[in-house]
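Chemist: One structure follows; several queries about it will come next.
The values are calculated or read from the model by the stated rules, or taken from the named source; none is laboratory data. Just so you know, these numbers come straight off a predicted model, no measurement behind them. Cβ atoms come from the backbone with ideal geometry, glycine included; neighbour counts cover every protein chain shown.
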């Protein structure tokens, strides 16, 4: 079984490396956002069986999947995080999420998927641990999911790493995640990122 310190340390390193210049998130602009097409998820994308460590990745709104020239987990954050983590932790793997152009319904669908995945994997794989990674809309998915994750599973979640989290505001000193998960949250924003 992988050391929790190794897992958390690896994810923290990856989060910082991916952000390069991480600062406090800037205020969001009041302008609208253009949405793209939804990203389909195919059954063959869903990993079967158990692993030592699973990274549940929620991509940004309509990030292209690999069929459209993107990657399985999202080209901006998910693919680099999963790739680098699996290189450092050979027992690790990623779990994708179908990003939708519909923010509200996509967030609901995604959060249900994350919670169901955690419950089913925790029951089937008693030694498996998890990280939750969200980018942009995906960070919103993780916020929504965290509210419904059973407290008994908190110890199996080793880290929550959010990139461009729209729920995180300039000057926030309190995490918007449940109290039992707060110490495991890392917020990463690129300087000048309007997300």
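Chemist: Condition first: in contact (Cβ under 8 Å) with a residue 24 or more places away in the chain and either under 17 Å from residue 140 (Cα atoms) or assigned to a helix (DSSP H, G or I) (or both). Now tell me which residues in the stretch 114-128 satisfy that. Working first, answer last.
Modeler: Taking the stretch 114-128 first, the residues in contact (Cβ under 8 Å) with a residue 24 or more places away in the chain are 114-115, 117-119, 121-122, 124-125, 127-128.
Matches in the stretch 114-128: 114, 115, 117, 118, 119, 121, 122, 124.
Chemist: If you go through the stretch 136-155, how many residues are assigned to a helix (DSSP H, G or I) and closer than 11 Å to residue 180 by Cα?
Modeler: Going through the stretch 136-155, the residues assigned to a helix (DSSP H, G or I) turn out to be 137-146, 151-155.
If we keep only those that are closer than 11 Å to residue 180 by Cα too, we end up with 146, 151-155.
Total satisfying the criteria: 6.
Chemist: Within the stretch 142-189, how many residues turn out to be closer than 18 Å to residue 58 by Cβ and free of Cβ contacts under 8 Å to residues at least 24 places away in the same chain?
Modeler: Residues flagged as closer than 18 Å to residue 58 by Cβ and free of Cβ contacts under 8 Å to residues at least 24 places away in the same chain within the stretch 142-189 amount to 1.
Chemist: Being over 19 Å from residue 142 (Cα atoms) and either surrounded by 16 or more Cβ atoms within 10 Å (Cβ to Cβ) or modelled with pLDDT under 80 (or both): is that true of residue 94 here?
Modeler: no
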